[in-house]
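The values are calculated or read from the model by the stated rules, or taken from the named source; none is laboratory data. In this text the structure is predicted, and so the values were computed from the model without any measurement. So basically every Cβ, Gly included, is an ideal-geometry build from the backbone, and we count neighbours across all protein chains shown. Accessible surface is based on the protein model in full, side chains and every heavy atom, while ligands, DNA and RNA are left aside. Shrake-Rupley method; radii C 1.70, N 1.55, O 1.52, S 1.80 Å.
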Amino acid sequence: MAGPHYPRPTRAELAAAADRLLPDVIAPGLDVLFVGINPGLWSAATGWHFARPGNRFWPALHRGGFTPRQLHPSEQDELPGYGLGVTNMVARASARADELAAAELVAGADVLAGKVARYRPRWVAVVGVTAYRIGFARPKAGFGPQPEALAGARLWVLPNPSGLNAHFTPESLGAAFGELRAAVARD
């Protein structure tokens, strides 16, 4: 992706980012509120959601038709202008999502329900099926639309865009995001 060069956080900055909180990018009445599992250390160090190089959220958002161009994580505050927002199931940063306890995901689902009730997005898209299954006590949930609503919003589960999730290519992630985009456009 062309654009300005951003400095990489140092090892010390990444270590200092553990357990740091990352503010939501949220506004009332969004079309889609994307829900990450929790911020990684890179995101916590920079203050940008899905910021680690190799994370495929921003390319998938563009490939899926949500943005007219691929945004850099530093441009996250432009999302509400596209009817989009970002939050996390668990607020605290960690090096890996598998460091989270199941109880944190369950508690995070409750906090998320409160945000959805307050901000009233039309759709909530959880990016990570395992976090969704645990947090919402839906052990057999799959990708795509979910049968239940969350505080009046439709629910959708997307693949985790982390570069560690090798099961999904950039193309297949873009297609998954595109399916949600088509559902949002029909709704």
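Here is a check on your reading of the model: is Ser172 open to solvent by 10 Å² or more (accessible area, probe 1.4 Å) and part of a loop (DSSP other than H, G, I, E, B)?
Criteria not met by Ser172.
Out of curiosity, is Arg118 over 22 Å from Phe57 (Cα atoms) and open to solvent by 40 Å² or more (accessible area, probe 1.4 Å)?
yes
What number goes with the only condition from (1) modelled with pLDDT under 95; (2) open to solvent by less than 50 Å² (accessible area, probe 1.4 Å); (3) in contact with a Leu (Cβ under 9 Å, 6 or more places away or on another chain) that Ala91 does not pass?
(2)
Provide a single number: the residues in the stretch 64-88 that are free of Cβ contacts under 8 Å to residues at least 60 places away in the same chain, part of a helix (DSSP H, G or I) and open to solvent by 20 Å² or more (accessible area, probe 1.4 Å).
Count: 6.
All but one of (1) in a loop (DSSP other than H, G, I, E, B); (2) surrounded by 18 or more Cβ atoms within 10 Å (Cβ to Cβ) hold for Ser43; which doesn't?
In the conditions (1) in a loop (DSSP other than H, G, I, E, B); (2) surrounded by 18 or more Cβ atoms within 10 Å (Cβ to Cβ), Ser43 misses (1) alone.
Those residues that are of a type in the set (A, V, I, L, M, F, W, C) and open to solvent by 40 Å² or more (accessible area, probe 1.4 Å), I need them from the stretch 46-63; list them, please.
Trp48 - this is the single residue of the stretch 46-63 that is of a type in the set (A, V, I, L, M, F, W, C) and open to solvent by 40 Å² or more (accessible area, probe 1.4 Å).
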